[in-house]
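**Student:** Let me begin by handing over the structure; questions about it come next.
Here, each number is a calculation from the coordinates, and none is a lab measurement. If you're wondering where the values come from, they're calculated on a predicted model, not measured in any experiment. Because the Cβ atoms are built from the backbone with ideal geometry, glycine has one as well, and the counts that use them run over all protein chains shown.
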DNA sequence: CTGAAAGCGCTTACAG
DNA sequence: CTGAAAGCGCTTACAG
């Protein structure tokens, strides 16, 4: 079966170097010679051994996707993201290996030390990320999905939180909402340790609030249905005049809605809810489907791999790309109720 | 940085063969010699180059996870499954590459021909699967997640549809339900081309119906919220006496519930709904949380990789393992209503 | 345009 | 217990 170059060379009556030139199209070869070689390859069923090639050329054409195995529950678009990354790599002649590693640096050091991969795509980047230091120290080419705090010399693609939040706020603003709440996941203890997306989204939100002149309210909640319910409770009891909620957590968003409903509020008649950065798979699961800013998962996977491959090819690095989520209208947002009372009262909420 | 064996050998004053013996612990080495070598390795920061090792040993210690890129929407536990597979591989010193390929055979032939992987884990296996033939023809070691129709000589792990369906039916049966409906995805045209899980689950369901003596009703629906709504409509209009529904589609299950609610039925007071083979992430998203048979995704990933590695190690193949889903009680199932009328009437449905 | 040869960094019989 | 040597299947200067 799997013939080698040497066998092809013998069959074609040429040297194995010439076979290599034909296989890689890396040097001019006389048409006649090329034909003989191609015949022999077809006849013998030649397939280039990628391991030998990797050893000789010092390029494995394998890149690793590094992501935290446990920490964050990955969103609903993670699978799409990964498939998109793997396919983009494949189309460029690369393979993608999966390295679900803890956020500690030693495991990553060990893995890159094996020399299996040409580069690394780092997901779920922390603002201060030990893995980035490992990759720098080991001279491993890499690109980030997300951003650390210090970006000097780094190649990355990320979500455009500014534009995503702006579109989200504008959507609610356009519907007349002025009493907004932003719900994020926990932003942890020290800000420099916290999760980039929450921090950046909240920052963008604060800027928008300053521009538009509305009050900043940021609440945190757990990443599941119960978390969403709890924050609904908090909103109803401490800020009953709220008419619009932006939730930056696709697992909590449906719980938030059902929590509001349980308190006798109607969605969207009394309160509009917008799920920010979610897969539409998740946001359309509930009834009504949630209005959402959908995550650009597949695009991030593709652009991330492309950016990394550019680094590996020694070409000019791609400029950082920031992609906004896309507004997907659903049934959870609507015009602010006319004559909304500061304190909601289910028995008296005429539609606009 | 990355020192080679030859450098370690020189530094330790031994041959590179001896270094190899220490690194791989593959031969007895005198304690004194070993110590010198280990010292040198630590001093020079030696890391074994996995590509050179692969070429020399003819084992890359890489396995591929092959899954269809587009066809089926992968379930919510796909990410867990893949992470579990990657981690299991990693713990055994292997790497996992992702091959999202179309179901056509040529692409897979091309990929295995590169000699990059020692074996393949095949997901979303069809009853009649061209990829299985490719792997057989190319002598590639492989294991299946799922089962094709002809299993002679194959290594596989799969869901135990018999036990899963039995537990699901028993759950509803124990609550007094006798008018059941099974909802699956489309079972396509010719049965031999169809999707294993639907076929096996339906088969198991038919056996249970024969044993228990209840009528077999199998409906099909699209894999999303709208599909669920449509089948709810169908149930209400054509089989209004139904009190229990088993849904084999996690994306349609919530839509089914909301479809029933829209028709004035209460869940679970009028109709109980059980989501069969879903991630709890999805089934707990809605309110009430769905009672579910949760998919054994992580276990399948782990066992699948272990089964494959056994094949690669030339050890006795693991016997096929079939894993049942686990019942996770939720709010969508309850006792059959007392004195249930054959035709539900929202105005007259006393609780049991 | 083509070939001989060194070399990528290991593993593994084979000798001793 | 240790070493010399062949070899895994390619790539890539270097000659010609």
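**Student:** Taking only C-alpha pairs under 8 Å that are 6+ residues apart, what is the relative contact order of segment A:5-48 in percent? Present the calculation step by step, with values, prior to reporting the outcome.
**Tutor:** On the way: 35 pairs, mean separation 18.9, N = 44.
Relative contact order of segment A:5-48: 43 percent.
**Student:** Taking the DSSP beta bridges in chain A as the whole, what percent of them are antiparallel, to the nearest 5?
**Tutor:** On the way: 4 of 39 bridges.
Close to 10 percent.
**Student:** Between residue B:212 and residue B:24, with labels modelled 7 Å along Cα→Cβ, what's the label distance in nm to one decimal, could you check?
**Tutor:** Taking the two extended label points, one gets 5.6 nm.
**Student:** Output the 0 to 90 degree angle, nearest 10, between the alpha-carbon long axis of helix B:253-262 and the longest principal axis computed from the alpha carbons of chain B.
**Tutor:** Between the helix axis and the principal axis of chain B, the angle is about 20 degrees.
**Student:** Sticking with this one: Would you mind getting me the FRET efficiency between residue A:133 and residue A:32? Use the beta-carbon distance for r and R0 = 60 Å, nearest 0.05.
**Tutor:** With a Förster radius of 60 Å, E is 0.60.
**Student:** Additional query: Ignore the peptide's own chain and count Cβ atoms of other chains within 10 Å of each Cβ in A:95-103; give me the average, rounded.
**Tutor:** Working: counts 10, 5, 10, 12, 5, 9, 3, 0, 0.
Shielding by partners across A:95-103 averages 6.
**Student:** If you take every DSSP beta bridge fully contained in the protein assembly as shown, what fraction is antiparallel? Give it as a percent rounded to 5.
**Tutor:** Close to 10 percent.
**Student:** Which of B:95, B:171 comes first, and how do the rest follow, when ranked by fewest Cβ neighbours within 10 Å?
**Tutor:** On the way: B:95 24, B:171 19.
Least crowded to most crowded, the residues run B:171, B:95.
**Student:** Would segment B:10-58 count as rounded, prolate or oblate if I go by the C-alpha gyration tensor, calling it rounded below 1.5 in a/c and otherwise prolate when a/b exceeds b/c, oblate otherwise?
**Tutor:** oblate
**Student:** Classify segment B:72-153 as rounded, prolate or oblate from the Cα gyration tensor: take a ≥ b ≥ c as the square roots of its eigenvalues, call it rounded if a/c is under 1.5, otherwise prolate when a/b beats b/c and oblate if not.
**Tutor:** Note, shape of segment B:72-153 comes out oblate.
**Student:** Distance from a point 7 Å along Cα→Cβ of residue B:70 to each backbone N in segment A:72-106: keep the residues under 17 Å and list them by number.
**Tutor:** Only A:80-81, A:83-91 fall inside the zone, counting backbone N under 17 Å.
**Student:** Sum -39500 (n - 2.57) across every DSSP H segment of at least 4 residues in chain B, then divide by the residue count to get the 222 nm mean residue ellipticity, nearest 500. Provide the component values of the computation, followed by the final result.
**Tutor:** Working: 13 runs with 145 residues, N = 352.
Value at 222 nm, helices only, nearest 500: -12500 deg cm²/dmol.
**Student:** Take peptide B:2-11, look around each residue's Cβ out to 10 angstrom, count Cβ atoms belonging to other protein chains, and average those counts. Show your work: numbers first, answer last.
**Tutor:** Numbers: counts 6, 0, 0, 0, 0, 0, 0, 0, 0, 0.
Mean partner shielding for this stretch: 1.
**Student:** For chain B, set up a GNM with springs between Cα atoms under 10 Å and report which of B:48, B:28, B:212 has the largest fluctuation.
**Tutor:** Evaluated over chain B, the most mobile residue of the options is B:28.
**Student:** Can you tell me the relative contact order of segment B:1-117? Whole percent, Cα pairs under 8 Å, sequence separation 6 or more.
**Tutor:** Relative contact order here is 24 percent.
**Student:** Follow-up. Where the convex hull is taken over the Cα atoms of chain A, what is its projected area averaged over directions, in nm²?
**Tutor:** 21.7
**Student:** Using a 10 angstrom cutoff on alpha carbons, build the Gaussian network for chain A and name the most mobile of A:40, A:307, A:92.
**Tutor:** Looking only at A:40, A:307, A:92, the biggest GNM fluctuation is shown by A:40.
**Student:** Let me ask something additional. Would you mind classifying segment A:161-295 by shape? Square roots of the alpha carbon gyration tensor eigenvalues, ordered a ≥ b ≥ c; an a/c under 1.5 is rounded, otherwise it is prolate if a/b is larger than b/c and oblate if not.
**Tutor:** rounded
**Student:** Could you work out how far helix A:161-174 tilts from the main Cα principal axis of chain A, as a 0 to 90 degree angle to the nearest 10?
**Tutor:** So the inclination is approximately 30 degrees.
**Student:** Expressed as an acute angle from 0 to 90° and rounded to the nearest 10, what is the orientation of the C-alpha long axis of helix B:196-212 relative to the principal long axis of chain B?
**Tutor:** Between the helix axis and the principal axis of chain B, the angle is about 50 degrees.
**Student:** Could I ask something else about it? If you take each beta carbon of peptide A:75-86 and count the beta carbons of other chains within 10 angstrom, what is the mean?
**Tutor:** Partner Cβ neighbours, averaged per residue: 4.
**Student:** Testing the spin-label approximation: label points 7 Å from Cα along Cα→Cβ at residue A:233 and residue A:315. State their distance in nm.
**Tutor:** 5.4
**Student:** Now for a different question. Report the relative contact order of chain B, percent, no decimals, based on alpha-carbon pairs under 8 angstrom and at least 6 residues apart.
**Tutor:** On the way: 668 pairs, mean separation 58.4, N = 352.
Dividing the mean separation by the residue count of chain B yields 17 percent.
**Student:** Separate question: Say we join alpha carbon atoms closer than 10 Å with springs in a Gaussian network model of chain A; which of A:149, A:12, A:210 then has the biggest fluctuation?
**Tutor:** A:12
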